[in-house]
Amino acid sequence: MTASAPITQDLVTIPRKDEGGTGKVNLVGLTRDGLRDALIDAGTPEKQAKMRTGQLWQWIYQKGVREFSEMTNLAKDYRAMLDEAFEIRIPELVSKQVSEDGTRKYLVRIAGGHEVEVVYIPEEDRGTLCVSSQVGCTLTCSFCHTGTQKLVRNLTAGEIVGQIMMARDDLEEWVPAGKGMGESPRLVSNIVLMGMGEPLYNFDAVRDAMKIAMDGEGISLSRRRITLSTSGVVPEIARAGEEIGCMLAISFHATIDETRDKLVPINKKWNIETLLDALREYPKLSNSERITFEYVMLDGVNDSDEDARRLIKLIEGIPAKINLIPFNEWPGAPYKRSSNNRIRRFADIIYKAGYASPIRTPRGEDIMAACGQLKSETERARKSRAEIAKEAGL
Ligand code: SF4
């Protein structure tokens, strides 16, 4: 930022384009029924509404088109009517960092000028997008940087599915005109709801967004390629299985309540036993649809041989795999990562008990790809008007 710029305006409050304020209805994030109803409200004859919904759905979620004028299978006057009443708006890309290992970290801005981060992790056989469901987080897991940021608000379904659309823009992954689905490579092949926020504390928006992502006429991602990670909002777990039907991951991280109370404070509300009982009832549970237990490896906190053996005992009877996550340190973090030997030893004990225990390879460390790092930097830039004015000598 140059000294001559109107400091207060740029830095502090004025969000940009995606504030919207157009008074138009944003079609991104509406369910099929919601889109159909909106079209009828805007004057589309009821008997045409289902067909129009299908046409718009393909343009928005298969082709990635944002202007009604480009929707060539719709009559010109109908396109004009749509343009009057609606818009196709996704979160604005504020910045992008690309790591040496190909990981991309995006900071996007949503209505109200709030910002969330999104991470894309390319691998040989897949491309995983880590999306956020809240600005900040309802919870305060002590190993998680996002947990140090108060909840600002829940994201809308449009702002959640919009992250997928933003990444497809960046990766140029839309189905080109005249081409069919499946003719272009899938770069965003997997979605993990492991970004900022507790997705089950924003259930309806997350459900609608994932339903849009799974819809076979649009983004068309298989439910088995979508993983929702929860810290343990027990009352919503079965509902996630019934209404979303995607894969489930649990932010588990400890084998005794005393430790989990500190690491994942929601444990004080629903402790390990209650959580495991709920998982044994998970509607989608099967050997081909295992629950992923995420376990961050913290030096001297939860990484002993005894912890590993206790973990095996606790999850007995649950088709599961354990993802071991070497802790990603962040400025001011109260923990250290376990040593590689300790992590391997832990993984070995679990593996010998018959569970897959992959050790997650930290990705994008050179761009601080750990949860919430980018956000907090933006945060720091946001000073009060008075502070900025004082700094600028105003
Ligand atoms: S781990 Fe998840 S639920 Fe816990 S503070 Fe971080 S974002 Fe929130």
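The values are calculated or read from the model by the stated rules, or taken from the named source; none is laboratory data. Quick caveat: nothing in here was measured; it's all calculated off a predicted structure. Because the Cβ atoms are built from the backbone with ideal geometry, glycine has one as well, and the counts that use them run over all protein chains shown. Just so you know, the surface numbers come from the protein's heavy atoms only, side chains and all, with ligands and any DNA or RNA stripped out. Shrake-Rupley method; radii C 1.70, N 1.55, O 1.52, S 1.80 Å.
What are the residues in segment 109-157 that are hydrophobic (A, V, I, L, M, F, W, C) and more than 27 Å from Val264 (Cα to Cα), if any?
Selection gives Ile110, Ala111.
Taking the options Ser357, Ser338, name whichever one is modelled with pLDDT of 95 or more and among the hydroxyl-bearing types (Ser, Thr, Tyr).
Ser338
Of everything in segment 136-162, what is in contact with a His (Cβ under 9 Å, 6 or more places away or on another chain), in a strand (DSSP E or B) and surrounded by 23 or more Cβ atoms within 10 Å (Cβ to Cβ)? Give them in sequence order. Scanning segment 136-162 gives no hits. For segment 311-329, the set of residues classified as more than 22 Å from the chain's Cα centre (by Cα) and either in contact (Cβ under 8 Å) with a residue 60 or more places away in the chain or open to solvent by 10 Å² or more (accessible area, probe 1.4 Å) (or both) consists of Ile312, Lys313, Leu314, Glu316, Gly317, Pro319, listed by residue number.
Quick grid of which residues meet (1) open to solvent by 50 Å² or more (accessible area, probe 1.4 Å); (2) away from the ligand (no atom under 16 Å from the Cβ); (3) within 19 Å of Thr148 (Cβ to Cβ):
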residue	(1), (2), (3)
Gly332	yes, no, yes
Ser338	no, yes, no
Asn341	yes, yes, no
Phe346	no, yes, no
Ile350	no, yes, no
Gly354	yes, yes, no
Arg360	yes, no, no
Gly364	no, yes, no
Ala369	no, no, yes
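Only one entry in Gly43, Gly29 is modelled with pLDDT of 95 or more, open to solvent by less than 30 Å² (accessible area, probe 1.4 Å) and either closer than 28 Å to Thr128 by Cα or not assigned by TED's automatic domain parsing to the domain that holds Ile244 (or both), namely Gly29.
A single member of Arg260, Arg168, Arg186 is open to solvent by 40 Å² or more (accessible area, probe 1.4 Å) and out of contact with any Cys (no Cβ under 8 Å at 6 or more places or on another chain), and it is Arg186.
Results for (1) over 30 Å from Thr44 (Cα atoms); (2) basic (Lys, Arg), shown as yes or no for each residue.
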residue: Ile88; (1), (2): no, no
residue: Pro91; (1), (2): no, no
residue: Val108; (1), (2): yes, no
residue: Lys150; (1), (2): yes, yes
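Go over the candidates Ala49, Ala38, Ala85 one by one and state the one that is of a type in the set (Gly, Ala, Ser), open to solvent by less than 50 Å² (accessible area, probe 1.4 Å), modelled with pLDDT of 95 or more and farther than 25 Å from Ala111 by Cβ.
On the way: Ala38 fails: farther than 25 Å from Ala111 by Cβ; Ala85 fails: farther than 25 Å from Ala111 by Cβ.
Criteria check complete, one pass: Ala49.
For segment 118-127, does any single residue satisfy the condition of being in contact with a strand residue (DSSP E or B) (Cβ under 7 Å, 6 or more places away or on another chain), open to solvent by less than 60 Å² (accessible area, probe 1.4 Å), away from the ligand (no atom under 15 Å from the Cβ) and among the aromatic types (Phe, Trp, Tyr)? Checking segment 118-127: at least one residue is in contact with a strand residue (DSSP E or B) (Cβ under 7 Å, 6 or more places away or on another chain), open to solvent by less than 60 Å² (accessible area, probe 1.4 Å), away from the ligand (no atom under 15 Å from the Cβ) and among the aromatic types (Phe, Trp, Tyr).
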